[in-house]
Amino acid sequence: MAAKKACESFSKSLIEDVHKWGCMKQTGVSLRHMMEFGSKPTDRNLLISGQFLHKELPIRIARRAIELDTLPYGLSEKPATLKVRDWYLDSFRDLRSFPEIKDINDEKEFTQMIKAIKVRHNNVVPTMALGVQQLKKGMDPKIVYEDLDEIHQFLDRFYLSRIGIRMLIGQHVKLHKPNPAPHVVGYIHTKMSPVEVAKNASEAARAICLREYGSAPDINIYGDPSFTFPYVPTHLQLMVFELVKNSLRAVQERFMYSDKVAPPVRIIVAEGIEDVTIKISDEGGGIKRSGLPKIFTYLYSTAKNPLDEYTDLGTDDRITMAGYGYGIPISRLYAKYFGGDLQVISMEGYGTDAYLHLSRLGDSKEPLP
């Protein structure tokens, strides 16, 4: 498939508009602000939120569209990357052609449109992963992938920005839901129990391990289930699920043919003044020290991309134990999005500890790549 330059499929004036908006300043929002603002979803607040997104989303989307067109090593020309770039340009065009939001009816119409944009971008992560795989296929196998720094940095910026765009759209859309559950403000739960979320996420990961291997190590969770703090449960669920899944896989593969009973994966939830920290410990044999930096890269995984195996692009959401190698780097971005972090410490020959730090204060603004 010949690479199409954006100007061939989109008008010159649209491309000029993209470059104009891509130079504008982005505005970061904190978890606390989202929570306080969304706790009273009056028509006036929804209108203000809609007007903010009408200006903010095109800036964020334009920046990514420009970057998608200027990637190194020919990544911009790969068919999958072109598909993602077109999604971003389509969404930019939809947002820019939407008239000024003057009243609540405009806002409702706008909400339906951004909801559709969020759906359009559902498969950005696996499609971009496919683009990277298409790049790897054509590259010299001697290239050390973790040395391709520009691509790693681009993907970090790109996925971090995507988390922000989806959070802003999802939060706005959810605020329209009548009769929300107690303590729920859009995507945010003001009294989220990290122990409860860790329990649900680890049960889901264990079910996949059982499905793939026929057995699974136990998971022991330590922490106060009644402790709560404001956070986004879906984000925490995703992070813990990925980390526990990796631990279960390591333990399972290490002890599969052993006479010894597989040791449990341990999850410890600790509440500090600044951070809530979740430690996930396994005895799965650990990772070589030289291999540790690779777990945070996007070009390293040997796992198959689901879009490679199942050609029905976009409807398949089956999850395998291996995924497509993005679980750890993307989990770290989810942690960083609200001021936290993810660290992985390993003892080769024994096991791995992952420390997930979540900011308890909720006042750090989104990082804006």
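Okay, residues lined up against (1) in a strand (DSSP E or B); (2) under 19 Å from the mean Cα position of the chain (by Cα):
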{"site": "Thr234", "(1), (2)": "no, yes"}
{"site": "Val240", "(1), (2)": "no, yes"}
{"site": "Asn246", "(1), (2)": "no, yes"}
{"site": "Glu253", "(1), (2)": "no, no"}
{"site": "Ala262", "(1), (2)": "no, no"}
{"site": "Ile267", "(1), (2)": "yes, no"}
{"site": "Ala270", "(1), (2)": "yes, no"}
{"site": "Val276", "(1), (2)": "yes, no"}
{"site": "Ser281", "(1), (2)": "yes, no"}
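In the stretch 80-88, the count of residues that are among the hydroxyl-bearing types (Ser, Thr, Tyr) and surrounded by 20 or more Cβ atoms within 10 Å (Cβ to Cβ) is one or more.
Going by the structure shown, is Arg64 surrounded by 21 or more Cβ atoms within 10 Å (Cβ to Cβ), assigned by the TED database to the domain that holds Leu175 and charged (D, E, K, R)? Yes, satisfied. The set of residues in the stretch 6-26 being modelled with pLDDT under 95, surrounded by 13 or more Cβ atoms within 10 Å (Cβ to Cβ) and in a loop (DSSP other than H, G, I, E, B) consists of Phe10 alone. Taking helices (runs of 4 or more DSSP H) as the structural unit, those lying wholly within the stretch 57-176 and holding at least 2 residues that are of a type in the set (Phe, Trp, Tyr) and in contact (Cβ under 8 Å) with a residue 24 or more places away in the chain correspond to 79-96, 149-174.
Just one of the listed residues (Asp103, Asp94, Asp86, Asp69) is farther than 20 Å from Ile15 by Cβ and out of contact with any Pro (no Cβ under 7 Å at 6 or more places or on another chain), and it is Asp103. Here Pro217 qualifies as surrounded by 19 or more Cβ atoms within 10 Å (Cβ to Cβ) and part of a loop (DSSP other than H, G, I, E, B).
The values are calculated or read from the model by the stated rules, or taken from the named source; none is laboratory data. In this text the structure is predicted, and so the values were computed from the model without any measurement. Ideal geometry is used to build each Cβ from the backbone, glycine not excepted, and the neighbour counts take in all protein chains shown.
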